Amino acid sequence: MNKEEYKQSLGTREWKERRKNAIGRAYGKCQLCNSEYRLEVHHRTYERVGKERDDDLTVLCHDCHRRFTKYNRKNKIKEARRLAKFRNRGLKLVSEKDGVRNWSNTPPMEIPYVI
């Protein structure tokens, strides 16, 4: 889903109902600071836009939403730079489980070409 489709989905009746229900489940308060003002609903994942589960959505006030989004963007940039350092050293990601990444500098086995 691209940005334009996402923005359009936020204008639908279904989204407005989901948003209203999410705010109701949060008792009309930001789930970080308990503010009751300028509430927004944050998508924790974009995998199910239009078919969000309750746990896909987090209610945040405008200020917390802005801080949360800025923090996530900043960390994604840091993570991308960190991963680039590993790749620049010739390391390859071989597995990832529970947030633990395993790297290898062993080149992949070459299979000899036989006629």
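Residue check: PRO108 meets all listed conditions (1) surrounded by 10 or more Cβ atoms within 10 Å (Cβ to Cβ); (2) part of a loop (DSSP other than H, G, I, E, B); (3) at pLDDT below 75 but one, namely (1). If you go through segment 24-58 and keep only what is over 19 Å from LYS3 (Cβ atoms), touching a Leu at 6+ places or on another chain (Cβ under 7 Å) and surrounded by 17 or more Cβ atoms within 10 Å (Cβ to Cβ), you end up with CYS30, GLN31.
In summary, LEU93 fulfils each of the numbered conditions (1) modelled with pLDDT under 70; (2) exposed (fewer than 12 other Cβ atoms within 10 Å of the Cβ); (3) out of contact with any Gly (no Cβ under 6 Å at 6 or more places or on another chain) with the single exception of condition (2). Filtering segment 1-11 to residues that are closer than 19 Å to THR58 by Cα and without any contact (Cβ under 8 Å) to a residue 24 or more places away in the chain leaves LYS7, LEU10, GLY11.
Tally the residues that are among the β-branched types (Val, Ile, Thr) and loosely packed, with under 12 Cβ neighbours inside 10 Å, restricting the search to segment 7-23.
The first filter runs over segment 7-23 and keeps only residues among the β-branched types (Val, Ile, Thr), leaving 12, 23.
Still in the list and also loosely packed, with under 12 Cβ neighbours inside 10 Å: 12.
Looking only at that region, the number is 1.
Restricting to segment 55-64, what's the tally of residues that are in contact (Cβ under 8 Å) with a residue 24 or more places away in the chain and farther than 15 Å from GLY28 by Cα? Residues flagged as in contact (Cβ under 8 Å) with a residue 24 or more places away in the chain and farther than 15 Å from GLY28 by Cα within segment 55-64 amount to 1.
The values are calculated or read from the model by the stated rules, or taken from the named source; none is laboratory data. In this text, all values refer to a predicted model and were calculated from it rather than measured experimentally. Note that each Cβ is placed from the backbone with ideal geometry, even for glycine, and that neighbours are counted across all protein chains shown.
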